[in-house]
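Structure, as structure tokens:
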Amino acid sequence: MGYKEIYDLLEQKDQTHLLKYYGLLDENQREALLEQISNIDFDLLNLLKQDVGKMKKGVITPLTDAVSVKEIEKKREHFQEIGVQAIRDGKIGALLLAGGMGTRLGSDKPKGMYNIGLTKEVYIFEMLIRNLMQVVEETGAWIPLYIMTSEKNDIDTRQFFKDMNYFGYNPDFVDFFVQKMAPAANYDGKIYLEEKDRVATSPNGNGGWFISFVESGLEEKAKKAGVSHLNVFAVDNVCQRIADPCFVGAAIEGNYSCAAKVVAKQRPEEKVGVLCLEDGKPSIVEYYELSEDMARERDENGELVYKYGVILNYLFRIEDLEKNLSENLAVHVVEKKIEHLDEQGKKVKPEVENGFKFETLVLDMIHMMDNCLAYEVVREKEFAPIKNKEGVDSVETARELLKQNGVEL
Ligand code: UTP
């Protein structure tokens, strides 16, 4: 689209401020800006007119498919055998969601490049690779690893892996792909400018992974190589087991479309998304979507009825993801701190939230699946998310847990 068309479009959308500095830009910058604007999905802004953050849920009932730590122990050998075989047959891929901005941690670099070591360097990416390597050693098979980045951190992430020699992983089994971006707007629905020649955008949420995986051609590559299941996991949980043969085996044995690693909630009011059924299909309800009564409800054994919190480690069968590709994921409007240019054209790094970003979430993909196995893991062994620098779910708490598990920092 040329200048005139873009201007008309922006006028229609009440966003002409995005061209405020157009006259000051050189030819290349002008072209890049027009190109960026032509790719904006302006429909997202309509979501701001709705009740922000609240989405309609169906009828919530307790989960039916779950295996507890105790049950897993009884069947460990059997699950393990199935999982190891699937990995040796090349059926399992690992997919790292590393496109997030990690704003809470507050580092300018990709989150995975954060050094959590105390006496030596121990990077988040390094811990994840170490965890995956344990399975490679156990099974004798390299597991294809797909790493999702975003426009904002792709170059740094790839370079870091190269510089670090992939932390000993076989680079032939590592592929990167880039997720899409969405615009960021202020409270009045005006899209921010990040630079005079750039609209403020942010990664479109971790639910964007499958479509970007398909469009990158990697899904085709994976299928050709025989991969049938993907273990999708977050960058920030440094303790999690990836492509865990027992987890994989349990999901395959039950012929599940997907499976989720979960931990038992410590308290009814704990702020985690809980796996349950929604209108009879698997679903994750956020803590604020569960009524107080439901959060406190207990079964005849005194256990919480809605007790399994998700830890962002899922196994998806690719075939089932494809069936649902045409279904649109809900877009969540999230309040965030957004870097932008102020009225005077000066760069602002806000200390508090100043607008909205638009994200789809991987947890919403669970509801598209016919069934989902909740697979319980021991929190102290497998859940050390690094969201913040200090306090809850922080570098400090993760270090503690790593030390408890015998990791030298
Ligand atoms: P979070 O929800 O913790 O978001 O991501 P974040 O962007 O990393 O951190 P904050 O909220 O800005 O502090 C959970 C997982 O999903 C990935 C993250 O990299 C992390 O592994 N993610 C998130 C993406 O891959 N893309 C996104 O657009 C958002």
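Observations on the model:
- Checking each residue in segment 366-375 for being part of a strand (DSSP E or B) and either surrounded by fewer than 20 Cβ atoms within 10 Å (Cβ to Cβ) or among the aliphatic types (A, V, I, L, M) (or both) picks out L373, A374.
- Every listed requirement among (1) open to solvent by less than 40 Å² (accessible area, probe 1.4 Å); (2) under 20 Å from G205 (Cα atoms); (3) in a loop (DSSP other than H, G, I, E, B); (4) more than 14 Å from the ligand (Cβ to nearest atom) is met by Y306 save one, (2).
A quick yes/no check of all residues on (1) in a strand (DSSP E or B); (2) aromatic (F, W, Y); (3) touching a residue at least 24 places away in the same chain (Cβ under 8 Å); (4) open to solvent by 40 Å² or more (accessible area, probe 1.4 Å):
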{"position": "N313", "(1), (2), (3), (4)": "yes, no, yes, no"}
{"position": "P350", "(1), (2), (3), (4)": "no, no, no, no"}
{"position": "F356", "(1), (2), (3), (4)": "yes, yes, yes, no"}
{"position": "D364", "(1), (2), (3), (4)": "no, no, yes, no"}
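- Residue within segment 269-279 that is more than 16 Å from the ligand (Cβ to nearest atom), open to solvent by less than 30 Å² (accessible area, probe 1.4 Å), assigned to a strand (DSSP E or B) and under 25 Å from L96 (Cβ atoms) present: yes
- Only listed residue being open to solvent by 10 Å² or more (accessible area, probe 1.4 Å), assigned to a helix (DSSP H, G or I) and closer than 17 Å to R88 by Cβ, chosen from I252, I211: I252
- In segment 377-395, residue most open to solvent (accessible area, probe 1.4 Å) [restricted to those that are outside any loop (DSSP other than H, G, I, E, B) and away from the ligand (no atom under 16 Å from the Cβ)]: K381
Let's see how each residue does on (1) touching a Leu at 6+ places or on another chain (Cβ under 9 Å); (2) of a type outside the set (D, E, K, R); (3) more than 19 Å from V407 (Cβ to Cβ):
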residue	(1), (2), (3)
R104	no, no, yes
I129	yes, yes, no
G140	no, yes, yes
E151	no, no, yes
T157	no, yes, yes
F160	no, yes, yes
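- Considering segment 54-75, the residues that are part of a loop (DSSP other than H, G, I, E, B), among the hydrophobic types (A, V, I, L, M, F, W, C) and open to solvent by less than 80 Å² (accessible area, probe 1.4 Å) include one that is nearest to H332 (Cα to Cα), namely M55.
- If you go through segment 108-142 and pick out every residue that is more than 18 Å from the chain's Cα centre (by Cα), within 16 Å of the ligand (Cβ to nearest atom) and small (G, A, S), you end up with 0.
- When K223 is tested against (1) within 16 Å of the ligand (Cβ to nearest atom); (2) open to solvent by 10 Å² or more (accessible area, probe 1.4 Å); (3) touching a helix residue (DSSP H, G or I) at 6+ places or on another chain (Cβ under 7 Å); (4) part of a helix (DSSP H, G or I), just one condition goes unmet, and that condition is (1).
- With respect to (1) open to solvent by 50 Å² or more (accessible area, probe 1.4 Å); (2) touching a Phe, Trp or Tyr at 6+ places or on another chain (Cβ under 7 Å), the lone exception for C246 is condition (1).
- Just one residue in the set L97, L63, L44 is at pLDDT below 95 and within 16 Å of the ligand (Cβ to nearest atom); that residue is L44.
- Qualifying positions in segment 349-367 - closer than 16 Å to E278 by Cβ and touching a Lys or Arg at 6+ places or on another chain (Cβ under 8 Å): H367
The values are calculated or read from the model by the stated rules, or taken from the named source; none is laboratory data. These figures come from a predicted structure and were not determined experimentally. Here Cβ is always computed from backbone atoms with ideal geometry, including for glycine, and neighbour counts include all displayed protein chains. Ligands, DNA and RNA are stripped out before the accessible areas are found, and what is left, the full protein with its side chains, is counted by its heavy atoms. Shrake-Rupley method; radii C 1.70, N 1.55, O 1.52, S 1.80 Å.
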